[in-house]
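Trainee: Right, I'll just put the structure down here and ask away after.
The values are calculated or read from the model by the stated rules, or taken from the named source; none is laboratory data. What you are looking at is a predicted structure, and each value in this text was computed from that prediction instead of being measured. Glycine also receives a Cβ, built like all others from the backbone with ideal geometry; neighbour counts cover every protein chain displayed.
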Amino acid sequence: MTTPHLAFMVLINLIWGFALVAGKGSLEHFPPFLFMAIRFGLVALVLLPFLSIHWGRMRDVMLIALCAGPIGFGFFFAGLAIAEASVVAIASQMAVPISTIFSVMFLGERIRWRRWLGITLAFLGVMVISFDPRVFSYIEGLIFVLCSAIVGSFGTILQRRIKGVGTFELQAWVATVALPFSLAATFLFETADPVALMASADWIEWGGIIYVAFASSLVGHAGIYWLLQRYEVSQTAPYTLLAPLFTVTFGVWLLGDMLTERMIFGGLITLAGVLIISLREKKFTERVTRGA
């Protein structure tokens, strides 16, 4: 990887790493479903030109949109509103081992002992974090984030099967589908007046939503897609683990998150497991390709 592309990769992870901290700041003012509605509304407005119907594939598009939009992010933002950003950053990495398990269940993929080791380590690390007394105070938030990882992983499996739908096209559908569901959830489950909340938000609280909507979703995802067209997954996967490390750093520095030895130890175990899975995923793909 060239030096400019390496710097771009680090920048993407820096953007992702700060997103949880920015979102956490906004969630101190906005309730989760209203936050989600505004976020997806902004994305839908920008990506409206990419919205197009793919006949014969709309069922899968809608399922992916529901998993990646109102259901997955609904759980995620509900968890982020309760739990510390540092713990959420680590727990959200469980999407990698869960996606691998789902690929065995639904796609018939075969995995060997190294990836099973990675899966075991990832789950073990989260268990270590979960039994930390400090995390017990917001264990519901951790459970919400894990539910988000499960739903998002199922959406990832569906994305592997769908063909001919571009990245921005899919993101446009995710935002468009998520917006009405988020608004409905806001009026059904959140008691505060959404208009009053939006009117009383300061520039920092609005800035968090705008950052998550544009910098994280559009710049970050578009950037990683651009890099994956030029480099192998094995070259990019290790760098993606910088994102949770950046989040932990920003969380401690800006939000005052407290890290115990158990949380640090569990986080390192989880990230080690995710790294093993990510690297072995590429080697398995290469073997299948050569045998085809």
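Trainee: Please pick out the residue among Phe40, Phe73, Phe77 that is part of a helix (DSSP H, G or I), touching a residue at least 60 places away in the same chain (Cβ under 8 Å) and under 13 Å from the mean Cα position of the chain (by Cα).
Mentor: When all the criteria are applied, what remains is Phe73.
Trainee: From the residues in the range 82-101 that are in contact with a Phe, Trp or Tyr (Cβ under 9 Å, 6 or more places away or on another chain) and among the hydrophobic types (A, V, I, L, M, F, W, C), which one is surrounded by the fewest Cβ atoms within 10 Å (Cβ to Cβ)?
Mentor: Ile82
Trainee: Would you say Ala175 is surrounded by 21 or more Cβ atoms within 10 Å (Cβ to Cβ), under 19 Å from the mean Cα position of the chain (by Cα) and more than 26 Å from Phe214 (Cβ to Cβ)? Talk me through it step by step, then tell me what you get.
Mentor: Values: surrounded by 21 or more Cβ atoms within 10 Å (Cβ to Cβ): yes; under 19 Å from the mean Cα position of the chain (by Cα): yes; more than 26 Å from Phe214 (Cβ to Cβ): no.
Spelling it out, it is not the case that Ala175 is surrounded by 21 or more Cβ atoms within 10 Å (Cβ to Cβ), under 19 Å from the mean Cα position of the chain (by Cα) and more than 26 Å from Phe214 (Cβ to Cβ).
Trainee: Out of (1) in contact with a Lys or Arg (Cβ under 9 Å, 6 or more places away or on another chain); (2) surrounded by fewer than 24 Cβ atoms within 10 Å (Cβ to Cβ); (3) more than 24 Å from Thr167 (Cα to Cα), what's the single condition that is false for Leu107?
Mentor: (3)
Trainee: I've got another one for you. State yes or no: is Ser103 modelled with pLDDT under 90, under 16 Å from the mean Cα position of the chain (by Cα) and more than 21 Å from Thr247 (Cα to Cα)? Spell out how you get there, then give the answer.
Mentor: Values: modelled with pLDDT under 90: yes; under 16 Å from the mean Cα position of the chain (by Cα): no; more than 21 Å from Thr247 (Cα to Cα): yes.
Spelling it out, it is not the case that Ser103 is modelled with pLDDT under 90, under 16 Å from the mean Cα position of the chain (by Cα) and more than 21 Å from Thr247 (Cα to Cα).
Trainee: Does at least one position in the range 139-159 carry a residue that is over 14 Å from the mean Cα position of the chain (by Cα), surrounded by fewer than 17 Cβ atoms within 10 Å (Cβ to Cβ) and not in a helix (DSSP H, G or I)?
Mentor: Looking for residues that are over 14 Å from the mean Cα position of the chain (by Cα), surrounded by fewer than 17 Cβ atoms within 10 Å (Cβ to Cβ) and not in a helix (DSSP H, G or I), one finds none in the range 139-159, hence no.
Trainee: In addition: Any idea which of Ala215, Ala199, Ala292 is modelled with pLDDT under 90, farther than 20 Å from Ala91 by Cα and out of contact with any helix residue (DSSP H, G or I) (no Cβ under 7 Å at 6 or more places or on another chain)? Explain how you work it out, then say what you get.
Mentor: Numbers: Ala215 fails: out of contact with any helix residue (DSSP H, G or I) (no Cβ under 7 Å at 6 or more places or on another chain); Ala199 fails: modelled with pLDDT under 90.
After ruling out the rest, the residue left standing is Ala292.
Trainee: Could you say whether any residue in the range 127-138 is part of a helix (DSSP H, G or I) and over 19 Å from Phe265 (Cβ atoms)?
Mentor: From the range 127-138, those part of a helix (DSSP H, G or I) are 127-130, 133-136; that's our starting set.
If we keep only those that are over 19 Å from Phe265 (Cβ atoms) too, we end up with none.
No, the conditions are met nowhere in the range 127-138.
Trainee: A follow-up question, please. Kindly list the number of the only condition in (1) more than 20 Å from Met258 (Cα to Cα); (2) buried (at least 24 other Cβ atoms within 10 Å of the Cβ) that fails for Gly79.
Mentor: The single condition Gly79 does not satisfy is (1).
Trainee: Just wondering, is there one or more residues in the range 139-146 that are farther than 24 Å from Leu254 by Cβ and either out of contact with any Asp or Glu (no Cβ under 6 Å at 6 or more places or on another chain) or in contact (Cβ under 8 Å) with a residue 40 or more places away in the chain (or both)? Outline the logic, then answer.
Mentor: Going through the range 139-146, the residues farther than 24 Å from Leu254 by Cβ turn out to be 143, 146.
Subset that is either out of contact with any Asp or Glu (no Cβ under 6 Å at 6 or more places or on another chain) or in contact (Cβ under 8 Å) with a residue 40 or more places away in the chain (or both): 143, 146.
There is at least one residue in the range 139-146 that is farther than 24 Å from Leu254 by Cβ and either out of contact with any Asp or Glu (no Cβ under 6 Å at 6 or more places or on another chain) or in contact (Cβ under 8 Å) with a residue 40 or more places away in the chain (or both).
Trainee: Right, here's the next one. Could you tell me which residue of the range 178-216 is farthest from His29 (Cα to Cα), considering only residues that are loosely packed, with under 15 Cβ neighbours inside 10 Å and of a type in the set (D, E, K, R)?
Mentor: Checked the range 178-216; the qualifying residue farthest from His29 (Cα to Cα) is Asp193.
Trainee: Considering only the range 106-142, state which residues are touching a Leu at 6+ places or on another chain (Cβ under 8 Å) and at pLDDT below 90. Lay out the reasoning, then the answer.
Mentor: Filtering the range 106-142 down to residues touching a Leu at 6+ places or on another chain (Cβ under 8 Å) leaves 118, 125-126, 129-130, 135, 141.
Within the range 106-142, Gly118, Ser130, Val135 meet the criteria.
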